[in-house]
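**Student:** Handing you this structure, nothing more for now.
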Amino acid sequence: MLDGLLGFFSSLMGFMTPMSLAFALGSCLAGFVIGALPGLTATMGVALMTTLTITLPANQALLILICTYVGAIYGGSRSAILLNIPGTPASAASCLDGHALAKRGEAGRAMGIATSGSVLGTWIGMLALAFFTPVLGEMALKFGAYEFFWLATFGVVISGNLTGNDPLKGWMAGFFGLFIATIGQDALYAHNRFTFGFHDLSGGISLVPALVGAFGFAEVLTVMKEAPTAVKINTFDTVIPRIKDVLQYWRTVIRSGLIGTGIGIIPGVGEDVAAWSSYAAAKRASKEKEKFGKGSIEGLMAAETGDNACVPGAVIPVLTLAVPGSAPAAVLLAAMLIHGVNPGPLIMIENPKFVYDVVAMMFIASVGILLYGLTLTRPLIWVLQFPKTLIMPVIFVLCVVGSYAIAQRMFDVYVMLAFGVIGFALRQMNFPMAPLVLGIVLGDLLEKSLRRGLVLSDGDLLPFFTRPIAFVMFVLVASVVLLNVPIVHRAASTAWSGAMRAFGRAG
Amino acid sequence: MDDEKPSPFADLLTGAAWLAVSVAIAIGAWNMDRLERLASTWHTAPGLVPGMLGVALIFMSGILITRALRGGALQQIELPRIVFADHWRLIVSLSIGLFYAIFLVARGLPFWVASAIYISVMVFVFQFPERREAGQLVRGAVIAVIYGIIMSLAIHYLFQDLFLVRLP
């Protein structure tokens with residue numbers, strides 16, 4: 001415990017240089033603006049920042065990325081409250097009560113609640129990051145090829161199940177992502193697969209250009225295809241958070257923080273699910289259920305605490321398992337690898353200081369959003385009114401730069417363009433992007449683990465089902481899939497209600 | 001989370017496209033060199049995982065098609081019509097974007113010049129209806145050019161000079 005605190009303070013002191021603080025403040029601001037502008041997502045912001053920071057030392061680059069990530073998730077609440085348009089998908093739940101408060105002339109109070117909820121959510125997630133990373137890291141040491149195979153499968157399946165509103169399409173996107181990861185030379189024999197004679201494809205599809213395309217170029221096309229609408233913002237009261245609002249709903253804050261962190265840890269699920277789950281749990285437990293959706297302080301607090309707590313939560317599996325908890329965390333993982341940080345089960349043995357560095361980065365980011373939350377309300381309104389026709393061309397130029405800068409080759413720009421068009425088409429047909437990204441990230445782990453496991457067992461499939469952890473993970477994967485089959489779902493619901501009734505009678 | 005769902009017929013077409021891609025993946029994986037001369041076995045063959053994924057995608061595409069058919073896809077056949085007037089914003093932004101990336105940037109035009117041209121054209125084209133209505137076409141063109149030059153130089157400075165990132 002004391003070692004952890006000392007590690008945290010030592011890391012925090014390490015960032016107390018003018019350059020690091022300037023980077024942190026600048027990137028929090030960039031994230032805040034990116035998040036607030038509907039159409040620009042946290043994933044896109046973090047991906048573009050990855051390319052901007054490619055020549056910086058690892059710690060400073062990751063500080064910038066984490067501040068951008070936290071800032072963007074928080075910034076999304078501003079347009080949700082003021083415009084009833086979520087700046088990022090994570091803020092969709094905040095529209096319900098945030099905008100209702102704004103319509104009552106309490107937009108300032110709503111922004112104050114969003115600020116306090118986001119900061120407290122980040123802190124709860126940050127504490128979980130500090131405490132659970134070593135524990136999960138130790139657990140991960142027990143993972144072998146069989147467990148990692150199921151972990152990768154579970155990530156894609158659960159992400160497909162929970163993101164979007166059609167699990168089948170989510171799984172298809174996820175499996176397509178896994179397939180994309182197999183393009184290029186295979187790991188055992190360096191045999192070219194699906195390269196069609198293109199030398200550039202031998203190295204495979206790089207994650208960052210694919211992400212910049214799927215989240216950047218596809219967003220540009222999505223925004224540009226709609227005619228712009230006039231932005232009208234009402235007057236508002238003070239944005240300074242009220243202590244009473246926090247104290248009155250402290251249980252909601254803690255519950256939402258824990259839910260958000262827990263959902264963050266689940267591979268590939270992300271902040272929007274965290275916000276909705278926290279909101280739903282708060283509504284179930286609330287004494288003022290009737291106020292939800294009509295300007296409930298508790299509802300807004302729950303959504304904002306949940307989505308921001310998810311950010312540190314999503315970083316926990318990145319550090320311990322090299323598996324991202326959300327789409328922006330997938331970019332963070334890629335950035336860590338680019339900068340020579342090797343996250344995974346050995347991180348607490350090889351590089352424990354880095355874990356505390358990440359905790360300190362989260363803390364700095366939370367201070368940044370608090371600062372901007374209190375001071376930047378009026379300039380942000382100006383930014384929100386800035387025409388999209390002026391912003392989107394610049395974003396596309398940044399997409400081109402971003403995809404080129406990683407390896408300095410035009411091939412990556414073409415990858416970005418292809419993924420932008422594919423991503424746009426898939427979105428139009430209601431296919432979520434998060435499982436696709438997770439599939440690309442986890443494809444390598446899944447394939448290596450499957451083939452390594454089969455080599456170890458000489459082609460015997462049994463160890464994939466008989467080792468304890470592998471068996472539990474297989475049951476989880478099978479349950480997630482089977483519960484989406486209507487007949488199984490009905491049978492499970494009936495059995496569950498029967499068990500609950502029997503439990504109630506026994507009680 | 002509350003996205004609008006596509007029609008069953010749209011899902012049917014999507015499912016058919018997915019099926020074609022999945023079958024191609026499975027066939028490509030099946031025909032892939034199994035490297036037996038290198039003592040590779042079935043479980044180390046390079047086509048194993050792509051093949052499994054292809055089969056899984058065929059299965060899921062089949063479910064998507066079946067679901068669309070059961071949802072009445074064949075009763076609501078409506079072939080998509082691309083009307084330029086309805087989709088001009090998408091077609092124009094896609095075309096100009098591709099032209100900028102594939103021809104202007106890739107063919108060696110200085111990056112800041114290519115970007116300035118792209119941004120200016122995009123701004124001018126997409127502000128054209130309002131500018132024409134207000135009788136400010138020349139003003140709009142000048143503003144678009146100035147904005148394009150300023151933004152492209154700012155990006156150039158930020159990446160190349162401040163953060164030392166190489167540009168195309």
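**Student:** Can you tell me which of A:434-445, A:3-14 comes out highest on packing, and rank the rest after it, using the mean Cβ neighbours within 10 Å?
**Tutor:** Highest to lowest by the protection proxy: A:434-445, A:3-14.
**Student:** Just to confirm a number: summing +1 for Lys and Arg and -1 for Asp and Glu over residues other than A:ALA280 whose beta-carbon lies under 12 angstrom from that of A:ALA280, what do you get?
**Tutor:** Computed value for this residue: +4.
**Student:** Is the shape of segment B:84-162 best called rounded, prolate or oblate, per the rule: a/c under 1.5 gives rounded, else a/b larger than b/c gives prolate, else oblate, with a ≥ b ≥ c the square roots of the Cα gyration tensor eigenvalues?
**Tutor:** oblate
**Student:** Next up: What order do you get for A:482-491, A:22-31, A:152-161, A:421-430 when each peptide is scored by the mean count of other beta carbon atoms within 10 Å, highest first?
**Tutor:** A:152-161, A:22-31, A:421-430, A:482-491
**Student:** Once you have a ≥ b ≥ c as the square roots of the Cα gyration tensor eigenvalues for chain A, tell me rounded if a/c is under 1.5, and otherwise prolate or oblate according to whether a/b is larger than b/c.
**Tutor:** Because its axes are fairly even, with a/c under 1.5, chain A counts as rounded.
**Student:** Here is a follow-up. Taking every eigenvalue of the Cα gyration tensor of segment A:158-199, multiplying by 5 and rooting it, what semi-axes result, largest first, whole Å?
**Tutor:** Ellipsoid semi-axes (Å, largest first): 29, 10, 5.
**Student:** Can you sort B:TRP30, A:TRP171 so the residue with the fewest Cβ neighbours within 10 Å comes first?
**Tutor:** B:TRP30, A:TRP171
**Student:** Continuing with the same structure: Enter the mean number of other protein chain beta carbons within 10 Å of the beta carbon of each residue in A:311-324, as an integer.
**Tutor:** Taking all residues of A:311-324 together, the mean is 0.
**Student:** Of A:ILE66, A:MET433, A:VAL212, which is farthest along the charge dipole of the protein assembly as shown in the positive direction, counting Lys and Arg as +1 and Asp and Glu as -1 at C-beta?
**Tutor:** It is A:MET433.
**Student:** Let me ask another. Averaged across the residues of A:169-177, what count of C-beta atoms belonging to other chains lies within 10 Å of each residue's C-beta?
**Tutor:** Counting Cβ atoms of other protein chains within 10 Å of each residue's Cβ and averaging gives 4.
**Student:** In angstroms, what radius of gyration and Dmax does segment B:8-76 have, counting Cα atoms only?
**Tutor:** In order Rg, Dmax, the Cα atoms of segment B:8-76 give 15.9, 54 Å.
**Student:** Further question on the same structure: Determine the shielding of peptide B:53-60 by partner chains: average, over its residues, the number of Cβ atoms on other chains within 10 angstrom of each Cβ.
**Tutor:** 4
**Student:** Still on this structure: Once both axes come from the Cα atoms, what is the angle between helix B:137-156 and the longest principal axis of chain B, in degrees from 0 to 90, rounded to 10?
**Tutor:** Value to nearest ten degrees: 60.
**Student:** Which of the peptides A:460-466, A:261-267 is most tightly packed, and how do the rest follow, judged by the mean count of other Cβ atoms within 10 Å per residue?
**Tutor:** A:261-267, A:460-466
**Student:** Kindly express, to the nearest 10 degrees and within the range 0 to 90, the angle between helix B:8-30's C-alpha long axis and the longest C-alpha principal axis of chain B.
**Tutor:** 70 degrees
**Student:** Going by how many other Cβ atoms sit within 10 Å of their own, how do A:LYS169, A:LYS283, A:LYS388, B:LYS5 line up, fewest first?
**Tutor:** Final ranking by Cβ density, sparse to dense: B:LYS5, A:LYS283, A:LYS388, A:LYS169.
**Student:** Additional query: Quick one: net charge of A:HIS191's neighbours, Cβ under 11 Å, K/R +1, D/E -1?
**Tutor:** Net charge in that neighbourhood comes out at 0.
**Student:** Still on this structure, I have one more. Could you name the lysines in cross-link range of A:LYS103, using Cα to Cα under 17 Å and dropping any fewer than eight places away on the same chain?
**Tutor:** A:LYS232, A:LYS291, A:LYS294
**Student:** Rounded, prolate or oblate: which fits segment A:209-282 when a ≥ b ≥ c are the square roots of the eigenvalues of the alpha-carbon gyration tensor, with rounded for a/c under 1.5 and prolate only if a/b beats b/c?
**Tutor:** In terms of gyration-tensor shape, oblate.
**Student:** Taking segment A:192-351 on its own, what percent of its Cα-Cα pair distances exceed 21 Å?
**Tutor:** Beyond 21 Å sits 64 percent of the P(r) for segment A:192-351.
No lab work stands behind these numbers, since they all come straight from the coordinates. Please read these numbers as outputs of a predicted model, since none were measured by experiment. Don't worry about glycine lacking a Cβ; one is built from the backbone with ideal geometry, like all the others, and counts go over all protein chains shown.
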